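Computed from the coordinates by the stated procedures, all read-outs in this text should not be read as laboratory data. If you're wondering where the values come from, they're calculated on a predicted model, not measured in any experiment. Note: ideal-geometry Cβ built from the backbone for every residue, glycine included; neighbour counts use all protein chains shown.
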Amino acid sequence: MAVSVRIPTILRTYTGGESEVSAEGDTLAAVLDDLDAHYAGIKGRILDEAGALRRFVNVYVGNDDVRFLEDLQTPTPDGVQVSVIPAVAGG
Amino acid sequence: MSTVLHETTTAAASTGSTRKGLREGAFGHARALACRECGHEVELGPSYACPECFGPLEVAYDFPNVTREEIAAGPANIWRYKALLPVPSDIEQSPNTEPGFTRLLQAHNLGRELGIDTLWVKDDSTNPTNSFKDRVVACALSAARELDAKVFACPSTGNLANAVAAAGARAGMKTVVFIPSNLEKPKQVNSAVYTDHLVAVDGNYDDVNKLASEIAGEEEGWAFVNVNVRPFYAEGSKTLGYEIAEQLGWRLPDQVVIPVASGSQLTKVDKAFRELVALGLVEDKPYKVFGAQATGCSPVSVAYKAGTDAIRPVKPDTIAKSLAIGNPADGIYVLDICRRSGGAVEDITDDEVRDGILLLARTEGIFTETAGGTTVGVLKKLVETGQLDPTLETVVINTGMGLKTLDAVADRVGPAATIAPSYDAFVASGVL
Ligand SMILES: Cc1ncc(COP(=O)(O)O)c(C=O)c1O
Ligand SMILES: [Zn+2]
């Protein structure tokens, strides 16, 4: 399944400045693995040492925060947009 | 400079470094932006997320020596604390809304009603656009100006949008403010009078926030007050803490009760108290910090009660729309501060929020919005449940104005009678 992944500014050093890249995988975990295969090290920025999503990063599949879905096991259907966005406070 | 107002991708590990093109002292005595999680430092600029761990960047300073007298000699607004804020020393010369130094009222009646010996209300509803957000926006505006931003913007639960639109108008900057489309009508009008660019988004605040973060990553020249210039913005909330201490005669209260949406304000009041101690401006003493949420959006309170550090985001459903942030980025710090200080985080139902609004209005003559109703209602619950010690001096912060959320109580109050214009009719009405 090919999906497009939006890359936040602080991770664009990994993608050669690209703000949007494509990746393969049926789940978010698989997509992150595939991303890391092409942009070595990027997964370690999004996940902590224990392999969980870092506390201050929000990942969306479509419009939904994956913490409302199945976290890293969230399915990523063909063509869906995955967004990686730093958390911000103050509203 | 094509990357103006984009997050800096190269971290300047050295201290004291500032982006090129900035004037000397653009951010006052600020030294760098430091990650609250891992301590990693980046140069002062429009960065907000740590390139190492995504943690929030905060302003770090080399503070000068400041005396109480110097502060007291300053203007009756937040710029009296300018030496402790990331703003230039000539900040008063650039047009801004001059918020702050709001009244600290001793709440004898409310204290008696709740059984609290010494109670104060820090009333921030009298700021220029009637919420504490004018404080943070004034600091963000300074940063935006120093960074040469072209557009001043925010995602907002309402009050921030009001403050950004007004401050931008006064500063002659283009503003674009984003709100959830179901926001209270008065808050929409209170933004739209100042700007042609009020954008209502079909979704909740967390959706609006996501959109703003995406725009901030793509559009050049935009200063999103609570996204890419957030470290500077958030410092504005410290002035609430400074003022409380100064107005108490340069000492810290024993307990303070603060509403929590993203949690930014609460963490900054705590930061302010600790800075005052570190600077020798107040004596060190223990103080307890309490957080207030509405049950319909209480992810921090839920985590507090469950004894966990992990905050599960929620889809908000409460009349306290200004507090309706389901995914509070600073929530874990609120938990930490409230637990470490011996405080608590508590939540109340929408009916109790309404009760809180009426209680404050009828005891102290202060008409607060739903956020304040939440805070006062939580204060009451904290006393009733024995979580707050009523013999300790307590400050409750009223962050916003009731005229913006009239609907919340409109059904609960009204004429006691409708009568003919005659003395007899009045007597017959039984009103007295
Ligand atoms: C009136 C009012 N009080 C409190 C808050 C909560 O602030 P914070 O997001 O810093 O927790 C907000 C807005 O978010 C607000 O508008
Ligand atoms: Zn960090």
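On a 0 to 90° scale, report how tilted helix B:370-384 is relative to the longest principal axis of chain B, with both axes built from alpha carbons and the result rounded to the nearest 10.
Between helix and principal axis, roughly 70 degrees.
Over chain A, what relative contact order in percent results from Cα pairs under 8 Å that are six or more residues apart?
This gives 37 percent for chain A.
Can you tell me the relative contact order of segment B:251-338? Whole percent, Cα pairs under 8 Å, sequence separation 6 or more.
37
Could you tell me what % of all Cα pairs in chain B have separations over 30 Å?
Cα-Cα pairs of chain B separated by over 30 Å account for 40 percent.
Starting with the fewest neighbours, write out B:Leu44, B:Leu84, A:Leu53 ranked by other beta-carbon atoms found within 10 Å of each beta-carbon.
Ordered from fewest to most neighbouring Cβ atoms within 10 Å, B:Leu44, B:Leu84, A:Leu53 come out as A:Leu53, B:Leu84, B:Leu44.
Under a no-solvent Debye model with one identical scatterer per Cα of chain A, what's log10 I(q)/I(0) at q = 0.11, 0.14 Å⁻¹?
These q points yield log10 I(q)/I(0) values of -0.26, -0.43.
Indicate, rounded to the nearest 5 percent, the antiparallel portion of the DSSP beta bridges found entirely in the protein assembly as shown.
45
Give me the tail of P(r) for the protein assembly as shown as a percent: Cα-Cα pairs with distance above 30 Å.
It works out to 47 percent of all Cα pairs.
Could you run the Karplus curve 6.51 cos²θ - 1.76 cosθ + 1.60 with θ = phi - 60° over segment A:62-74 and give me ³J(HN,Hα) per residue in whole Hz, x for Gly and Pro?
Each residue's phi maps through the Karplus curve to give x, 9, 9, 4, 5, 5, 8, 9, 10, 6, 5, 8, 4 Hz.
Run the numbers on chain B and let me know its relative contact order in percent, using alpha-carbon pairs under 8 Å that are six or more apart.
Result for chain B is 15 percent.
Rounded to the nearest 5, what % of DSSP beta bridges with both residues in chain B are antiparallel?
30
Excluding B:Lys20 itself, calculate the net charge of residues whose Cβ lies under 14 Å from the Cβ of B:Lys20, where each Lys or Arg counts +1 and each Asp or Glu counts -1.
Values: positive: B:Arg19, B:Arg23; negative: B:Glu24, B:Glu43, B:Glu146, B:Asp148.
The answer is -2.
Which cross-chain or sequence-distant (5 or more) residues have an amide H under 5 Å from the amide H of A:Val57, H modelled 1.01 Å from N in plane?
Here A:Ala87 satisfy the definition.
With axes computed from alpha carbons, what is the tilt in degrees of helix B:133-146 against the longest principal axis of chain B, rounded to the nearest 10 within 0 to 90?
Helix B:133-146 sits at roughly 20 degrees to that axis.
List the residues, sorted by chain then number, that are 5 or more residues from B:Thr175 or on another chain and whose placed amide H is less than 5 Å from its amide H.
Here the answer is B:Phe152, since their amide H atoms fall under 5 Å of that of B:Thr175.
Roughly what % of DSSP beta bridges within segment B:144-222 run antiparallel, to the nearest 5?
Restricted to segment B:144-222, the bridges split so that about 0 percent are antiparallel.
Near B:Ala83, within a Cβ-to-Cβ distance under 14 Å, what is the net charge of the other residues, with Lys and Arg +1 and Asp and Glu -1?
Residues near B:Ala83 contribute -3 overall.
Show me the GluC sites (Glu not before Pro) within segment B:218-316 that DSSP assigns to loop and that have at most 14 other Cβ atoms within 10 Å of their Cβ.
When the GluC sites (Glu not before Pro) of segment B:218-316 are filtered for loop state and at most 14 Cβ neighbours within 10 Å, B:Glu220, B:Glu283 remain.
Quick one: Karplus J couplings for segment B:391-407, per residue in order, coefficients 6.51, -1.76, 1.60, θ = phi - 60°, nearest Hz, x for Gly and Pro?
Per residue, the Karplus-derived 3J(HN,Hα) values read 8, 9, 5, 10, 10, 10, 9, 9, 8, x, 9, x, 5, 7, 10, 3, 4 Hz.
Along segment B:156-165, what does the Karplus equation 6.51 cos²θ - 1.76 cosθ + 1.60 (θ = phi - 60°) give for ³J(HN,Hα), rounded to whole Hz, x for Gly and Pro?
Once θ is set to phi - 60°, the couplings for segment B:156-165 become 8, 8, x, 5, 5, 4, 4, 5, 5, 5 Hz.
Output the 0 to 90 degree angle, nearest 10, between the alpha-carbon long axis of helix B:238-247 and the longest principal axis computed from the alpha carbons of chain B.
Once rounded, one gets 60 degrees.
To the nearest 500 deg cm²/dmol, what mean residue ellipticity at 222 nm is calculated for the protein assembly as shown from DSSP H runs of n ≥ 4 alone, each contributing -39,500 (n - 2.57), summed and divided by the residues?
Using -39500 (n - 2.57) per qualifying helix, the result is -9500 deg cm²/dmol.
Would you mind counting up the charge near B:Thr391? Only other residues with Cβ under 13 Å from its Cβ, with Lys and Arg at +1 and Asp and Glu at -1.
Summing Lys/Arg as +1 and Asp/Glu as -1 gives -3.
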